[in-house]
Structures are given as C-alpha cells and as structure tokens.
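Okay, structure first, notes after.
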Amino acid sequence: MTVESTAARKTTRRSSGTKRTTSATAKKAQAPQQTEPELIQLLTPEGERVHHPEYDIDLSAEELRGLYRDMVLTRRFDAEATALQRQGELGLWASLLGQEAAQIGSGRALRDDDYVFPTYREHGVAWCRGVDPTNLLGMFRGVNNGGWDPNSNNFHLYTIVLGSQTLHATGYAMGVAKDGTDSAVIAYFGDGASSQGDVNEAFVFSSVYNAPVVFFCQNNQWAISEPTEKQTRVPLYQRARGFGFPGVRVDGNDVLACLAVTRSALERARRGEGPTLIEAFTYRMAAHTTSDDPTRYRRDTEREAWEAKDPILRLKAYLEKEGHADAAFFEALETESEELGKHVREVVRAMPVPDHMAMFDNVYADGHALVDEERAQFAAYQASFEGGEAE
C-alpha cells in the first residue's frame, strides 16, 4: 500500500463523514421549527394601549377603574391569607399573586347565568362571582367544606383533584345545551393539570358534543417545581387543534386582553359553536402553596423579569397616563384595601378551632378497622403534647 493510496482513503473517509454530517444537518433543517406563537395583548407592560384586529375592547373610565379595584383588593386579600397561614390560622393557602389579570379579566367577562368550575386558586374569580372571601378561608382553616352554595353564585366549590373539574364542566355544559339555554360554562385549570387524562377526556367530549364550554388554562410556567417546557413540546393552546376546536394564547398579565378574549370565547359558545381553549400566559409570583419553597427550583432573576410585567402596575400606568384616575381614587382604594385586610383577619380569628379528629369521621359510612387504628394512633400522638393537643 502506497502513502498516496492511504491518503486517498483518509480523504474518502472524511468525505463520507462530511456527507453523513450534511445529511443529518439536512434532516435537522427539515424538522418542524417551534416558533413563538402569537400573544393577544391590548395593554403592554409599560401601560401602552394597543389594538388587535380580532380581539379588542372599548371600556369606560369607570369600568377600567373597576378592573383595577378588583385586582388590588384581590391581591390584598391574598396577601392577608398568606400571612394568616404563616401565623398558624390556616392549614394551607394557594396564592394567586401575579395571576390577578387572568382571573379578574376572565371573571368579569362572565354573565350572571354562566357557570364556573374552579380549581383551588381562583380567588379572583370567586371575588367576581360575589363569593365572600372569608368562606374561602374557612375551607383552608378546616371549619367548612367550601362554605358557599354553588348555585347561589354559579360558582362551583373548589376542586383540589387536578383536572377533574373540566369533566364536571363539560357534563354541565352538555346539559345546558340540552336545556336550550344560551348560558355558557367556564372551567379553570393550570398548565400542570393540562397533562391529566381528565382534561384530555373533557376535550374529547366537549368537542364531539359541541358543548358550550370555555377551557381557561392559566399557564403560570410552573407545575409546582416542573417547568412548562418539561411538560409539553408545543404551546398549550395548540393542543386544542388536535381535538377539533380553536385555541388562543393571551397575555395573562393583561386584564383587558383576558377580558376581551374570554368574552369572545363565551359568545362563541353561546352561539352553539362549541368549546375554546384559552391559554393565559402568566406567572406564579409566589410559591405553589405555602408548603412549597420556590427558591429550590427557580431563579430570582426569573421572578424579577416577570415583576416588570406586573398586571396591576401596567393598568395603573395606563389609568394615570390617560387621566382616568386621580390621586384621590388611589388613596381611597388603599384605605379600602386595608379595611378588607382587617376584616379578613378579624373574621378568621373568630372562627372556631377545627376538630383535628373530625377528619376520620366521614371516610367510610360504616367505619373501617384501618381508619379506627389510625384514629387511635393520632389521638395518642395528640395526647403526647402538653395540654393534650398539638398546636
């Protein structure tokens, strides 16, 4: 074998390798590229009003102030609930901090005869439906099982099981359609719940039966500690296409856009055109619940970037810029906010201390040996503390 032939062979091998690389590159280039989806926005983070050809809205100064008031008071109530949990007054709390625009915007798009199926974080929607905030706290304190009649406000009890309320909403919407009324139904869930089988089954049934339901997904970027990009390979709103109904992504920190998009989806449902999936692209500024520590899985810089998109600050900037609200309005609202916080504190602290043993009472109708054993063990544990019960 000559030196020349050896060199030729090496060149041939390099060429072959180059071809393989080129082929792989070509295949990669042909693969579908994920592009940034359109985000419906009517109010920028800087408080600038923009318009959208399909979704727009014209609100009076009074209506704009009303949306701002809703968000401020909801945030104040939420902050008080978090503080009460830290002080041992509540067993748990799931904060909505950062998601006020998604909830208030969609909540104010509803008619009185529409029906809401929430998760456990829709405190802003509950506010819009006229549910007493202290009833929510009674449930998290363990002294009631919800505390409100769902049919009084067309607001179902909170659902802790992930995604199951979407099936309830779909079945209710199918019933509404059979009744021949023009009311609509909305089901709330998060990005994490979108991976649940119940949600996908709800999509199937609602599509096939053309149910008048709106699926409102608050994508707050984190399913507890799991980021959205580890849950899905496509934007969540695009999943609707596979089930045969439209999906849209809205700026979840823009209360005007959330109101406009939800109102449009509800009207579409009323016209008999079936379900819509709305993905409200927002951010969970606080922990998943008060038992969670988000510093273990996300960076402060991420939160800081979203703080610049704060839903309340952007609407305040717009109100001030357009002269729709003056200093007296903001001062009066601050006073009202503090009064709400005081009222919530007083009501919660006046609630009875929950009976820790009551959790064993309604597991089985006729009792169960294992539950009896667990009850005895827990009673002995409580008795081991000074005073006979753990605080």
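The values are calculated or read from the model by the stated rules, or taken from the named source; none is laboratory data. Not measured: the values here are computed from a predicted model. Note that we place each Cβ from the backbone using ideal geometry, even for glycine, and neighbour counts take in every protein chain shown. In case anyone asks, the SASA skips ligands and DNA or RNA and just uses the protein heavy atoms, side chains included. Shrake-Rupley method; radii C 1.70, N 1.55, O 1.52, S 1.80 Å.
Looking at (1) free of Cβ contacts under 8 Å to residues at least 24 places away in the same chain; (2) open to solvent by 80 Å² or more (accessible area, probe 1.4 Å); (3) under 28 Å from Ala101 (Cα atoms), which one does Ala328 not meet, given that it meets all the others?
Ala328 satisfies all of (1) free of Cβ contacts under 8 Å to residues at least 24 places away in the same chain; (2) open to solvent by 80 Å² or more (accessible area, probe 1.4 Å); (3) under 28 Å from Ala101 (Cα atoms) except (2).
Run Ser152 past the list (1) in contact (Cβ under 8 Å) with a residue 24 or more places away in the chain; (2) assigned to a helix (DSSP H, G or I); (3) surrounded by fewer than 21 Cβ atoms within 10 Å (Cβ to Cβ) and report the number of the one that doesn't hold.
(1)
Every residue, every condition in (1) of a type in the set (D, E, K, R); (2) under 13 Å from the mean Cα position of the chain (by Cα), yes or no:
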| residue | (1), (2) |
| --- | --- |
| Ala265 | no, no |
| Ala269 | no, no |
| Glu279 | yes, yes |
| Tyr283 | no, yes |
| His288 | no, yes |
| Asp293 | yes, no |
| Asp300 | yes, no |
| Ala305 | no, no |
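Scan (1) touching a residue at least 40 places away in the same chain (Cβ under 8 Å); (2) over 21 Å from Glu320 (Cα atoms); (3) open to solvent by 10 Å² or more (accessible area, probe 1.4 Å) for the single condition Gln103 breaks and write down its number.
(3)
Which condition does Glu339 not pass, out of (1) within 28 Å of the chain's Cα centre (by Cα); (2) part of a helix (DSSP H, G or I); (3) within 30 Å of Phe281 (Cβ to Cβ), if it passes all the others?
The failed condition is (3).
Report the residue count in the stretch 340-375 for those that are farther than 17 Å from Gly91 by Cα and small (Gly, Ala, Ser).
4
All but one of (1) open to solvent by less than 10 Å² (accessible area, probe 1.4 Å); (2) touching a Ser or Thr at 6+ places or on another chain (Cβ under 8 Å); (3) small (Gly, Ala, Ser) hold for Ala257; state the number of the condition that does not hold.
(2)
Can you pull out the residues in the stretch 99-121 that are in a loop (DSSP other than H, G, I, E, B), within 16 Å of the chain's Cα centre (by Cα) and closer than 18 Å to Thr166 by Cα?
Passing the criteria: Pro118, Thr119, Tyr120, Arg121.
Taking the stated definitions as given, is Pro53 without any contact (Cβ under 8 Å) to a residue 24 or more places away in the chain, out of contact with any Leu (no Cβ under 7 Å at 6 or more places or on another chain) and surrounded by fewer than 22 Cβ atoms within 10 Å (Cβ to Cβ)? Show your work before the answer.
Working: without any contact (Cβ under 8 Å) to a residue 24 or more places away in the chain: yes; out of contact with any Leu (no Cβ under 7 Å at 6 or more places or on another chain): yes; surrounded by fewer than 22 Cβ atoms within 10 Å (Cβ to Cβ): yes.
Taking the combined requirement at face value, the residue satisfies it.
In the set Glu279, Glu267, which member is closer than 26 Å to Val50 by Cα, modelled with pLDDT of 95 or more and either buried (at least 24 other Cβ atoms within 10 Å of the Cβ) or touching a Ser or Thr at 6+ places or on another chain (Cβ under 7 Å) (or both)?
Working: Glu267 fails: either buried (at least 24 other Cβ atoms within 10 Å of the Cβ) or touching a Ser or Thr at 6+ places or on another chain (Cβ under 7 Å) (or both).
None of the other options fit; the residue is Glu279.
Could you please find all residues in the stretch 168-182 being buried (at least 20 other Cβ atoms within 10 Å of the Cβ) and of a type in the set (S, T, N, Q)?
Thr170
Mind counting the residues in the stretch 114-129 that are under 23 Å from Ala287 (Cα atoms) and among the hydroxyl-bearing types (Ser, Thr, Tyr)?
2
Among residues belonging to the stretch 333-350 that are open to solvent by less than 40 Å² (accessible area, probe 1.4 Å) and not β-branched (Val, Ile, Thr), point out the one that is farthest from Gly142 (Cα to Cα).
Of all residues in the stretch 333-350, those open to solvent by less than 40 Å² (accessible area, probe 1.4 Å) come to 333, 337, 340-341, 344, 348.
Imposing the further condition that a residue be not β-branched (Val, Ile, Thr) reduces the set to 333, 337, 340-341.
Numbers: Leu333: 31, Ser337: 26, Leu340: 22, Gly341: 20 Å.
Across the stretch 333-350, the extreme among qualifying residues is Leu333.
Looking at Ser225 and the list (1) open to solvent by less than 40 Å² (accessible area, probe 1.4 Å); (2) out of contact with any strand residue (DSSP E or B) (no Cβ under 7 Å at 6 or more places or on another chain); (3) modelled with pLDDT under 95, which single condition is not satisfied?
(1)
Of everything in the stretch 59-78, what is of a type in the set (D, E, K, R), open to solvent by 30 Å² or more (accessible area, probe 1.4 Å) and more than 17 Å from Lys342 (Cβ to Cβ)? Give them in sequence order.
Let us first name the residues in the stretch 59-78 that are of a type in the set (D, E, K, R), namely 62-63, 65, 69-70, 75-76, 78.
Checking the rest, the ones that are also open to solvent by 30 Å² or more (accessible area, probe 1.4 Å) come to 62-63, 65, 69, 75-76.
The answer is Glu62, Glu63, Arg65, Arg69.
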